[in-house]
């Protein structure tokens with residue numbers, strides 16, 4: 001009788017679940033940003049600055065999801081999670097960690113956007 005599934009790795013499943021939670025958070029922050037972006041301009045600059053933070057949170061959560069997704073099989077879910085949390089809100093450090101984990105196999109950002117990362121970080 002042929003098995004339907006392969007081996008089950010609990011650590012991989014936990015990392016996948018955490019990655020999904022970060023990705024869901026990223027999507028929700030982006031929805032908030034896009035919703036608030038359509039409010040009339042009379043709200044003011046402080047409102048725009050606060051909404052920009054929503055966009056940064058979305059990007060941060062996306063990077064943390066990538067850190068979890070790009071973790072090595074031998075890395076525990078706990079260690080990968082601590083790595084994602086280690087850099088807190090520092091987008092440059094999060095992006096650099098994602099890049100090192102991607103090991104030139106995956107492109108996380110378009111080359112044209114990378115100079116903008118320093119502006120928003």
Highest-MSF residue in the chain out of 24, 107, 85 [GNM, Cα springs under 10 Å] = 107
Within the chain, helix-based [θ] at 222 nm, where runs of 4 or more DSSP H residues each add -39,500 (n - 2.57), nearest 500 | -22500 deg cm²/dmol
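On average over all directions, what projected area in square nanometres does the chain have, based on the convex hull of its Cα atoms? Mind dumping the intermediate values first?
On the way: hull surface 39.6 nm².
Its Cα hull, projected and averaged over all orientations, spans 9.9 nm².
Taking the Cβ-Cβ separation of residue 93 and residue 43 as r and a Förster radius of 41 Å, what is the calculated FRET efficiency to the nearest 0.05? Mind dumping the intermediate values first?
Working: r = 32 Å, r/R0 = 0.78.
In this case the efficiency is close to 0.80.
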By how many nm would the segment from residue 34 to residue 110 lengthen if fully extended, with 0.36 nm per residue of separation less the alpha-carbon distance?
-> 25.2 nm
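Subtract the Cα-Cα distance of residue 85 and residue 102 from 0.36 nm times their separation in residues, and report this length gain in nm to one decimal. Walk me through the intermediate numbers first.
Values: separation 17, 0.36 × 17 = 6.12 nm, distance 1.79 nm.
The residue 85-residue 102 span can extend by a further 4.3 nm.
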Using a 10 angstrom cutoff on alpha carbons, build the Gaussian network for the chain and name the most mobile of 39, 18, 67.
-> 39
For a quick protection proxy, order the peptides 108-117, 86-95 by their average other-Cβ count within 10 Å, most packed first.
-> 86-95, 108-117
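What's the FRET efficiency of residue 73 with residue 21 using the Cβ-Cβ distance as r and R₀ = 22 Å, to the nearest 0.05? It would help to have the intermediate numbers written out before the result.
Working: r = 20 Å, r/R0 = 0.92.
Working from the Cβ atoms, E equals 0.65.
Every read-out reported here was derived from the displayed coordinates using simple, explicitly stated rules and does not represent laboratory data. Note that the coordinates shown come from a computational prediction; the quantities given were computed from them, not determined experimentally. Neighbour counts run over all protein chains shown; Cβ positions are idealised from the backbone, glycine included.
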